[in-house]
Amino acid sequence: SREVTERVEPVYRQVQAAQVAAKGPDPTPVAVPGTPHVVILVLESLRREALSADRTPRIASWAKQGLSLERHYSVSNITHFGLYALLYGRQPVFYDRDLDAAVKPQLTATLSAAGYRTTFLNSTAFVGWRRMEDMLNERSFDEVLVPDNEDWRETKGWPTKDRWLFE
């Protein structure tokens, strides 16, 4: 409604101005007692029911030992914008600006400042797909493990690529 828009608009403009002014990740280190292991699994186009304890017992076991969140929201329904928001903590409107400036993602910068080593592991390289190679690279992560010489458009090899990933 118009009333809601009028109330939300000034807040939105403040948030937008703050993000426009942001040049790179906040370099402030974060104290992490005991440096627990951090594993972020990103599974695209997968229903929550597919990760039940009977289907994925190892993941279910890990979840019991750590923090498992029940409500998830995505800033986008497009892969590259969703990953960008997850890694950078920013709205996708700044995607090209940050990639053009080779800005390091906030998540990996924060983890590195806290003493973590970061690894991006995937069954495809995404080279040529919406500039994802500009954020999923050795500037953003300490290590990148993806198959060599592969084409993300080749769908026939996905089972083989997934087996490679899990090996």
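The values are calculated or read from the model by the stated rules, or taken from the named source; none is laboratory data. Predicted model, so just to flag it, every value in this text is computed and none were measured. Glycine also receives a Cβ, built like all others from the backbone with ideal geometry; neighbour counts cover every protein chain displayed. Heads up: the accessible areas ignore ligands, DNA and RNA and are worked out on the full protein's heavy atoms, side chains in. Shrake-Rupley method; radii C 1.70, N 1.55, O 1.52, S 1.80 Å.
Filter the stretch 79-106 for residues that are hydroxyl-bearing (Ser, Thr, Tyr) and surrounded by 17 or more Cβ atoms within 10 Å (Cβ to Cβ) and give the result.
Let us first name the residues in the stretch 79-106 that are hydroxyl-bearing (Ser, Thr, Tyr), namely 79, 84, 88, 95.
Once the filter is applied, which keeps residues that are hydroxyl-bearing (Ser, Thr, Tyr) and surrounded by 17 or more Cβ atoms within 10 Å (Cβ to Cβ), the stretch 79-106 yields 84, 88, 95.
Being modelled with pLDDT under 90, farther than 16 Å from residue 82 by Cα, surrounded by 15 or more Cβ atoms within 10 Å (Cβ to Cβ) and among the hydrophobic types (A, V, I, L, M, F, W, C) is true for just one of 125, 114, 109. Which residue is that? Lay out the reasoning, then the answer.
Details: 114 fails: surrounded by 15 or more Cβ atoms within 10 Å (Cβ to Cβ); 109 fails: modelled with pLDDT under 90.
Among 125, 114, 109, only 125 is modelled with pLDDT under 90, farther than 16 Å from residue 82 by Cα, surrounded by 15 or more Cβ atoms within 10 Å (Cβ to Cβ) and among the hydrophobic types (A, V, I, L, M, F, W, C).
What helices (runs of 4 or more DSSP H) completely inside the stretch 19-121 contain at least 2 residues that are more than 13 Å from the chain's Cα centre (by Cα)? Full working, then the answer.
Values: elements: 57-65, 79-88, 95-100, 106-113.
Because the criterion is at least 2 residues that are more than 13 Å from the chain's Cα centre (by Cα), the helices (runs of 4 or more DSSP H) in the stretch 19-121 that meet it are 57-65, 95-100, 106-113.
Out of 76, 61, report the one residue that is open to solvent by less than 70 Å² (accessible area, probe 1.4 Å) and more than 23 Å from residue 14 (Cβ to Cβ). Show your work before the answer.
On the way: 76 fails: more than 23 Å from residue 14 (Cβ to Cβ).
The match here is 61.
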